[in-house]
Amino acid sequence: MKIGIPNERFNNETRVALIPAAIANLKNEHHEVYIESDAGIGSYIPNEEYEKAGATLVSDTKKLYESVDVIFKVSPPTQNLTLKQHEVNLMREGIIYIGFLAPHSNRDVLEKMQDRKITVFAMEYVPRITRAQSMDALSSMATLAGYKAVLLGANHLGKIFPLLMTAAGSITPANVFVLGAGVAGLQAIATAKRLGARVEAFDPRAAVKEQIESLGAKFVEMELPKEDVETAGGYAKEQTDEFLKKEQEAIARRLSRTDVIISTAQIFGKKAPILITEEMVAQMKPGSVIVDLAAEQGGNCELTQANEVVNKHSVTIVGAVNLPASIPFHASQMYAKNISNLFRHLFQSPDFKLDFDDEITRSACIIRNGEIVNEMVKQLV
């Protein structure tokens, strides 16, 4: 098959869907890779490295889209300002798209893809099952986001993280509170501990207590809901208003001694839960920092503004957006592995026939023959 890698047009997107090291395996399976000139520049990969790996450079965007069978992307398709056309309209009818889609906020893109009968596989809908771990781009990107969130918190905090015993006196360690112990939260805990902070963490899933404590953090206890708090696919479920209030109370009890909050709680395809109200922010110490990884979904803090750093009640609130793009080298490396593995799984039969009895294929497919086939996306639209 002919695989096309276009330039990413989304604002501030530095990642690329395929790196040179991932091309060899695809070529060994007799696939051809076509990459738009300078697609890897944001990830510090020059054109020459792609050519050495056996990819064909294409300088004409339209020609790239017209020449390939499959498109690999990172960010969802958007407007190509240079050509004054939407990227979906550049794709020929019946082509295959593999990449992130964010259908809950890109319904117009869904409609365009339906009209052009594009077969769509969304990276965020790869099921969280054992045999799909090597294709799980959400977890890969969350790992990097959790790491970078702690660095942002340390950068904005007017203190250092570790305990220091100096001739000028003792410096106590910073207190970091992580909300949510999924992939991003666990990486945030590990990073904050490596920097020397004292770390606490909260999650409504009692099962993660052992993981939190294994990283050296303290698990914040509270009365947990009796019902299951995550879906069969491993995503967090929306909680009741009553339980949300209990969460806020448990969090509020620790705010007076917290220096940095890393907030990671998100509900797949829905607005993020408000865990920190303005009243709670006002209880925090002057100079404290909140890094909100749920900013794009509305934020876990009531005062969060996506892609903005605001200061309210002497607290700095960082509306973190697309943090993996701020670590493009390793983000692209990890994503390229994920998307290549998914592609090879989807098209493993000699005739490239898709097996929709397979859970991974069925779950990741969003549009087929002009129809939305994913049940979760059907509910969204």
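Any read-out appearing in this document is the output of simple, stated calculations on the displayed coordinates, not a laboratory observation. Since the structure is predicted, the reported quantities are computational estimates derived from the model, not experimental observations. Note that we place each Cβ from the backbone using ideal geometry, even for glycine, and neighbour counts take in every protein chain shown.
If you filter the stretch 52-102 for trypsin sites (Lys or Arg not before Pro), then keep DSSP loop positions with at most 10 other Cβ within 10 Å, what is left?
84
Among 314-321, 112-119, how do they line up from the highest to the lowest mean number of other beta-carbon atoms within 10 Å?
Ranking the peptides 314-321, 112-119 by packing returns 314-321, 112-119.
Quickly rank 98-110, 161-173, 191-203 as a protection proxy: mean count of other C-beta atoms within 10 Å, highest first.
In descending order of packing, they fall as 191-203, 98-110, 161-173.
How about the stretch 87-158: which GluC sites (Glu not before Pro) there lie in a loop by DSSP and see at most 11 other Cβ atoms within 10 Å?
93
Using only Cα atoms and rounding to the nearest 10 degrees, what angle (0 to 90) does helix 328-346 make with the longest principal axis of the chain?
Its long axis makes an angle of about 50 degrees.
Using a cut-off of 13 Å between beta-carbons, work out the net charge of the residues near residue 34 (Lys and Arg +1, Asp and Glu -1, residue 34 not included).
Neighbourhood net charge equals -2.
Just rank 357, 259, fewest to most, by other beta-carbon atoms within 10 angstrom.
357, 259
Cα axis of helix 137-156 to longest principal axis of the chain: angle in degrees, 0 to 90, nearest 10?
Value to nearest ten degrees: 40.
Which order results if 342, 157 are arranged by neighbouring Cβ count within 10 Å, fewest first?
157, 342
Using DSSP to call loops (not H, G, I, E or B), can you name the chymotrypsin sites (Phe, Trp or Tyr not before Pro) in the stretch 342-381 whose Cβ has at most 14 other Cβ atoms within 10 angstrom?
Taking the stretch 342-381 and a limit of 14 other Cβ atoms within 10 Å, the loop chymotrypsin sites (Phe, Trp or Tyr not before Pro) found are 352, 356.
Long-range amide H contacts for residue 80: which residues qualify at under 5 Å (H placed 1.01 Å from N, peptide plane, sequence gap of 5 or more or a different chain)?
85, 86, 87
As a footprinting exposure proxy, order 134, 288 by other Cβ within 10 Å, with the fewest listed first.
Ordered by Cβ neighbours within 10 Å, fewest first: 134, 288.
Show the residues, 5+ positions off or on another chain, whose built amide H is closer than 5 Å to the amide H of residue 366.
Result for residue 366 returns 120, 121, 122.
When the helix-only estimate is applied to the chain (DSSP H runs of n ≥ 4, each -39,500 (n - 2.57), divided by the residue count), what is the mean residue ellipticity at 222 nm, nearest 500 deg cm²/dmol?
-9000 deg cm²/dmol
For residue 79, what charge total do you get from the other residues with a beta carbon under 9 Å from its beta carbon, if Lys and Arg give +1 and Asp and Glu give -1?
+1
Let me have the relative contact order for the chain, percent, based on Cα pairs under 8 Å that are six or more residues apart.
Worked out over the chain, it gives 18 percent.
Determine which lysines satisfy two conditions relative to residue 337: a Cα distance under 20 Å, and not lying fewer than 8 residues away in the same chain.
Partners found: 2, 27, 52, 73.
Taking N as the number of residues in the stretch 139-325, what is its Cα Rg relative to 2.2 N^0.38 Å?
The stretch 139-325 yields a ratio of 0.96.
Treating only the Cβ atoms of Lys and Arg (+1) and Asp and Glu (-1) as charged, compute the dipole magnitude of the stretch 1-67 about its Cα centre; round to the nearest 20 debye.
With Lys and Arg at +1 and Asp and Glu at -1, about 120 debye.
Taking mean projected area of the Cα convex hull in nm² as the quantity of interest, determine which of [x] 32.2; [y] 16.7; [z] 20.5 was computed from the displayed structure.
For mean projected area of the Cα convex hull in nm², the calculated option is [z].
Antiparallel DSSP bridges in the chain: what percent, to the nearest 5?
30
How about residue 193: which lysines have a C-alpha closer than 28 Å to its C-alpha, ignoring those fewer than 8 places off in the same chain?
148, 159, 209, 218, 246, 285, 312
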